[in-house]
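A.B. asks: Sharing a structure here in structure tokens format.
Every number in this text was worked out from the coordinates using simple rules, so none of it is lab data. Keep in mind the model is a prediction, meaning the values are calculated, not measured. Don't worry about glycine lacking a Cβ; one is built from the backbone with ideal geometry, like all the others, and counts go over all protein chains shown.
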Amino acid sequence: MLNLRNEWMKLIRKRSAIILMILSALFPLVVGPGIQALQNKFSFTAFDGESFPLVILSLAVSFYLPLLLALAVSDMFSGEQEQKTLAFILVRPISRLKVYSSKVAATGIYLLILLLIVCTTSLLTGAIWLENFTFQGLLIAIAAFLLSWFPLMAIGLLIIFFVQWFGSSSRALTFSILLYLVMMAVTYLFPTIARWLPAYDSDWYQRWINTGMSSILAGRALYLLSWSALLFTLGYYKFSKKEY
Amino acid sequence: MNSKMLAAVGISGLLMAGGVISASASTSGYDLFKTAVKKTHTVNSFTAHVQASLVDNKNEVYTVDSTNKENLKSDSGSSSVSVTNGGKTTQVDFYNQNHQSVIKSSDDAKFYVRKGGEGERKFKHKKHKGEELSPQMQNDVEGIFDALTKNYQDSVTSKDLGNGNTELELTLSKSEIPAVGQAVASFFLKNLDQQKEHMDKKEFGSLKFSDLKPQLPKLQNNIVVSSVDLKGQVNADQYLTGQEATISVSGDEANGTHHDLVLHITSNLDNLNKTEVTGVSLKGEKVVQMKEKHDRHED
């Protein structure tokens, strides 16, 4: 795709992106031995090699990854506007749709790579440090990490839509974090409204593990896909009408 | 907005609504369970048959069989408990009447009486009364509970048993049990020795509470809750009349001996709102008055 390579390079060559990727890799590697020491000291088994990746994933999808996503997105849209570099891309002979979709695609790839990094290192930690690491656990963990891409991407598209209203990346980031926190609060306080928000599904991999494919899961999958399509369209509309 | 984009927004919006509505319009067993729990909470008398057994490496090491009659209105109750611990069976009867508790064991002809109905029974009642929340709070609690269990709700299956009874079942395999559950279970098993020491010291003549406590193997490593199976039976009036739980735990002792423990508990309620508690007559019996002791819950 035109411009995707360009967007990807911009994203990945940032020092912050590299540091965050290294931190993502280190996080499970540090937590694993730490937990092991705690478990021995206070004699409990919160998780073993089989469930450790899933525990890390539940932390990652609820706090860590949405934050990183918001950071990348607010840099990519508001940040470039702030630095007045976005105009250079817009004058190239590429349609705005292509520019927009290449940015979304770059975000998606970034998210997938982050998930894979956390998955790999948490699996390694589970295999090396914790007891009871099984092949079945390995397969479940990989599937759960891949499934988590969908709800996170739906949240990412929502953030992409909103950050375009902000001219500075720091304000965009602050707003995205607040938006996410509100969505999390709604999940617990107003469950009926929460069903309409993608944060409701951020731990939907647990649903897949518990029931496998069911009519409810089909409904949630349909929701997530159509939500993503809707927000992609709305985000593009905003992007195409905006004057930089 | 041009027509193409409007169409895209319209179609995806409609699909989204379809997805949300189809996912929430399920008549899952979870809703029936909630209704039944709320309704069962309002009964003021019942008879409960509770049975529990503990199997260690396929040997039954501990069983409890009890019949409990409870009338919350008149604050009276009686239960007859039979405990088989390592092949030895002990029968203990508890009565709660006229603001005093009476304990009688099969090992002893005497009746032990404690004034004020102190002890576990009162603790149980307190708990019962404390659960009366305002409707607003009840709604909030329900909302939080719904959010916490949202990934488990559609795993509750329901089966029609005929004559208006419905069986609900939730089966969780190892990877489905939340990490918190695993942590609590393993912590409990590893620290069994330190628990309920104040209970052990209680004696009623030849009856010692420590005799009634199951001798569990001292698990140290690889403690895992391997499966949890919960069943509930809801009758035609939407009361939760039957409950069944099977919990399997495995682990190794310090010397490497492997244990598979299976705890099985069933509870059946009947005579809802119709239970009459028949007390025990202490006339002509040997009665031992117990001194009031303040139970502190140290554990």
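A.B. asks: How big is the Rg/Rh ratio for the protein assembly as shown, C-alpha atoms only, Rh by Kirkwood, two decimals?
C.D. replies: 1.07
A.B. asks: Karplus couplings for the stretch B:39-49 from phi (6.51 cos²θ - 1.76 cosθ + 1.60, θ = phi - 60°), rounded to Hz, Gly and Pro as x?
C.D. replies: 3J(HN,Hα) across the stretch B:39-49, in whole Hz: 5, 5, 5, 8, 5, 10, 8, 7, 10, 10, 9.
A.B. asks: Which chymotrypsin sites (Phe, Trp or Tyr not before Pro) in the stretch A:72-167 sit in a loop by DSSP (not H, G, I, E or B) and have at most 13 other Cβ atoms within 10 Å of their own Cβ? Please list the in-between numbers first.
C.D. replies: Working: sites: A:Phe77, A:Phe88, A:Tyr100, A:Tyr110, A:Trp129, A:Phe133, A:Phe135, A:Phe145, A:Trp149, A:Phe161, A:Phe162, A:Trp165, A:Phe166; in loops: A:Phe133, A:Trp165, A:Phe166.
Answer by residue number: A:Trp165.
A.B. asks: Over the alpha-carbon set of the stretch A:107-244, work out the extent along each principal axis and list the three values in angstrom, largest first.
C.D. replies: Dimensions of the stretch A:107-244 along the principal axes of its Cα atoms: 56, 32, 27 Å.
A.B. asks: Okay, next question. For the stretch A:63-159, what number results from the quotient of the Cα radius of gyration and 2.2 N^0.38 Å?
C.D. replies: Numbers: Rg = 17.5 Å, N = 97, 2.2 N^0.38 = 12.5 Å.
Cα Rg divided by the expected 2.2 N^0.38 Å: 1.40.
A.B. asks: Next question, about the same structure. Residue-wise, which Karplus ³J(HN,Hα) couplings in Hz belong to the stretch B:92-99, taking 6.51 cos²θ - 1.76 cosθ + 1.60, θ = phi - 60°, and x for glycine or proline?
C.D. replies: Result, ordered by residue: 10, 10, 10, 10, 10, 8, 6, 6 Hz.
A.B. asks: Could I ask something else about it? Past 28 Å, Cα to Cα, is the threshold; run A:Lys98/B:Lys150; B:Lys34/B:Lys274; B:Lys150/B:Lys174; B:Lys38/B:Lys73; B:Lys58/B:Lys104; A:Lys10/A:Lys241 against it and keep the listed order. Intermediate values should be presented prior to the final figure.
C.D. replies: Details: A:Lys98/B:Lys150 38 Å; B:Lys34/B:Lys274 23 Å; B:Lys150/B:Lys174 18 Å; B:Lys38/B:Lys73 18 Å; B:Lys58/B:Lys104 32 Å; A:Lys10/A:Lys241 24 Å.
Over 28 Å apart, Cα to Cα: A:Lys98/B:Lys150; B:Lys58/B:Lys104.
A.B. asks: List B:His264, B:His99 from most exposed to least, where exposure is judged by having the fewest other Cβ atoms within 10 Å. Display every interim value, and only then the final one.
C.D. replies: Details: B:His264 17, B:His99 11.
Arranged by neighbour count, lowest to highest, B:His264, B:His99 become B:His99, B:His264.
A.B. asks: Across all directions of projection, what mean area in square nanometres is found for the Cα convex hull of the stretch B:34-290?
C.D. replies: Numbers: hull surface 64.0 nm².
Result: a mean projected hull area of 16.0 nm².
A.B. asks: Count, for each residue of B:140-146, the Cβ atoms from other chains sitting within 10 Å of its Cβ, then give me the mean as a whole number. Can you show the working numbers first?
C.D. replies: Details: counts 2, 0, 1, 7, 4, 2, 5.
What the average comes to for B:140-146 is 3.
A.B. asks: Hey, another quick one. Considering only the protein assembly as shown, what is the antiparallel percent among its DSSP beta bridges, to the nearest 5? Let's see the in-between values first.
C.D. replies: Values: 89 of 93 bridges.
The answer is about 95 percent antiparallel.
A.B. asks: Could you work out the helix-only [θ] at 222 nm for the protein assembly as shown, with each DSSP H run of four or more residues adding -39,500 (n - 2.57) and the total divided by the number of residues, to the nearest 500 deg cm²/dmol?
C.D. replies: Working: 20 runs with 265 residues, N = 543.
Roughly -15500 deg cm²/dmol at 222 nm, from the helical runs in the protein assembly as shown.
A.B. asks: Could I ask something else about it? Using all C-alpha to C-alpha distances in the stretch A:26-76, build P(r) with 5 Å bins and read off the rounded percent in each one.
C.D. replies: Going from the shortest bin to the longest, the percentages are 5, 18, 22, 20, 14, 9, 6, 4, 2, 0.
A.B. asks: Let me check I have the definition right: for chain A, take the eigenvalues of the Cα gyration tensor, multiply each by 5, take square roots. What are those semi-axes in whole Å, largest first?
C.D. replies: Working: eigenvalues 227, 88, 51 Å².
In descending order the semi-axes read 34, 21, 16 Å.
A.B. asks: Taking the beta-carbon count within 10 Å as an exposure proxy, list B:Lys283, A:Lys241, B:Lys213, B:Lys104 from fewest neighbours to most. If you can, show how the numbers build up before the last one.
C.D. replies: Values: B:Lys283 6, A:Lys241 10, B:Lys213 16, B:Lys104 23.
Neighbour counts put them in this order, fewest first: B:Lys283, A:Lys241, B:Lys213, B:Lys104.
A.B. asks: Shielding by partners for A:190-203, please: the mean number of other protein chain Cβ atoms within 10 Å of each residue's Cβ. Intermediate results must be reported in sequence, preceding the final value.
C.D. replies: Values: counts 2, 8, 4, 0, 4, 6, 4, 1, 0, 0, 4, 3, 0, 2.
Neighbouring Cβ atoms belonging to other protein chains average 3 per residue here.
A.B. asks: Of A:Thr187, A:Thr211, A:Thr120, which has the largest mean-square fluctuation in a 10 Å C-alpha GNM of chain A?
C.D. replies: A:Thr211
A.B. asks: Indicate, rounded to the nearest 5 percent, the antiparallel portion of the DSSP beta bridges found entirely in the stretch B:34-290. Intermediate results must be reported in sequence, preceding the final value.
C.D. replies: Values: 89 of 93 bridges.
Roughly 95 percent of the beta bridges in the stretch B:34-290 run antiparallel, per DSSP.
A.B. asks: How do A:226-232, B:162-168 rank on mean C-beta neighbours within 10 Å, highest first? Show your work: numbers first, answer last.
C.D. replies: Values: A:226-232: 22.6, B:162-168: 13.6.
So the peptides A:226-232, B:162-168, ranked by packing, come out A:226-232, B:162-168.
A.B. asks: Here is a follow-up. What does the average come to when, for each residue of peptide A:227-239, you count the partner chain Cβ atoms lying within 10 Å of its Cβ?
C.D. replies: Numbers: counts 6, 2, 7, 9, 3, 2, 11, 5, 0, 2, 6, 0, 0.
Going residue by residue through A:227-239 and averaging, the value is 4.
A.B. asks: Pick from A:Ile117, A:Ile18, A:Ile160: which is most flexible by mean-square fluctuation in a GNM of chain A where alpha carbon atoms under 10 Å apart are linked?
C.D. replies: A:Ile18
A.B. asks: Output wanted: per-residue J couplings in Hz (rounded whole) for the stretch B:165-178, from phi through Karplus 6.51 cos²θ - 1.76 cosθ + 1.60, θ = phi - 60°, x for Gly and Pro.
C.D. replies: Coupling constants for the stretch B:165-178: 8, 10, 9, 10, 9, 10, 10, 10, 8, 3, 6, 8, 6, x Hz.
A.B. asks: I've got another one for you. To make sure I understand, if each residue's beta carbon is the centre and we count other beta carbons within 10 Å, what order do A:Lys84, B:Lys115 fall in, fewest to most? Intermediate results must be reported in sequence, preceding the final value.
C.D. replies: Numbers: A:Lys84 9, B:Lys115 13.
Taking fewest neighbouring Cβ atoms as first place, the list is A:Lys84, B:Lys115.
A.B. asks: Calculate, in nm to one decimal, what A:Leu124 and A:Tyr188 gain on full extension: separation in residues at 0.36 nm each, minus their alpha carbon distance. Spell out each step's value before the answer.
C.D. replies: On the way: separation 64, 0.36 × 64 = 23.04 nm, distance 3.34 nm.
So the extension gain works out to 19.7 nm.
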